[in-house]
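Below is one structure, written out as structure tokens; the observations come after it.
Derivation of every value follows stated rules applied to the coordinates shown; laboratory data play no part. Because the structure is a prediction, the values reported are computed rather than measured. FYI the Cβ positions are ideal-geometry reconstructions off the backbone, even for glycines, and counts take in every protein chain you see.
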Amino acid sequence: MTYDEIMSALLQAYEAHPEMDVEQIIAQVAQKLGASEKSLGNIKESIALLDKMQEMKMSLDAAHDKRDSTKKWILSETARMTESRTDDEKAQFVTTMNKTVDRWVEESLKGVELKQKED
């Protein structure tokens, strides 16, 4: 059973029973599909990540409602995430962010190059 198949089954179960708690749906689908503990852990991590992304989007929307720029929001979130960190941890955070941005730019440029070739 692939990750995509498990996530699709979860979505179908949720659509069929929106009143159920997410944890119940996960347990039910995992049992039905015979998902391993590792798969179950990955599913829970994915859902937690999706929840965090939703929280961040709501936070960004709230900042925009206050007429704050995206740049100001990003700087504020970065400061919040690094405020209790050591200098080494802050440096690692910045390095990781830079690598992530560089990778995103590279992938974005590949998409532009592919589109230009198609045109």
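A compact table of results
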| item | result |
| --- | --- |
| Mean Kyte hydropathy of -1.0 or more with a Cα span along the axis of at least 24 Å, helices from DSSP in the chain | 37-65 |
| Förster radius 35 Å - calculated FRET efficiency between S8 and D102, Cβ distance, rounded to 0.05 | 0.60 |
| Length gained when the stretch A91-T78 is fully extended (0.36 nm per residue, less Cα-Cα span) | 3.5 nm |
| Debye, to nearest 20: dipole size of the chain, +1 on Lys, Arg Cβ, -1 on Asp, Glu Cβ | 340 debye |
| Least to most buried among D68, D4 (fewest other Cβ within 10 Å first) | D4, D68 |
| Reachable lysines from K52, criterion Cα separation under 26 angstrom, eight or more residues apart if same chain | K38, K44, K66, K71, K72, K90, K99 |
| Over the chain - Rg/Rh using Cα atoms and the Kirkwood inverse-distance radius | 1.08 |
| Listed peptides 22-34, 75-87 by packing density, highest first (mean Cβ within 10 Å) | 22-34, 75-87 |
| Theoretical gain in end-to-end length, M58 to V22 [0.36 nm per residue, Cα-Cα removed] | 10.9 nm |
| For segment 1-67, the spread of Cα positions along each principal axis, largest first, Å | 49, 25, 16 |
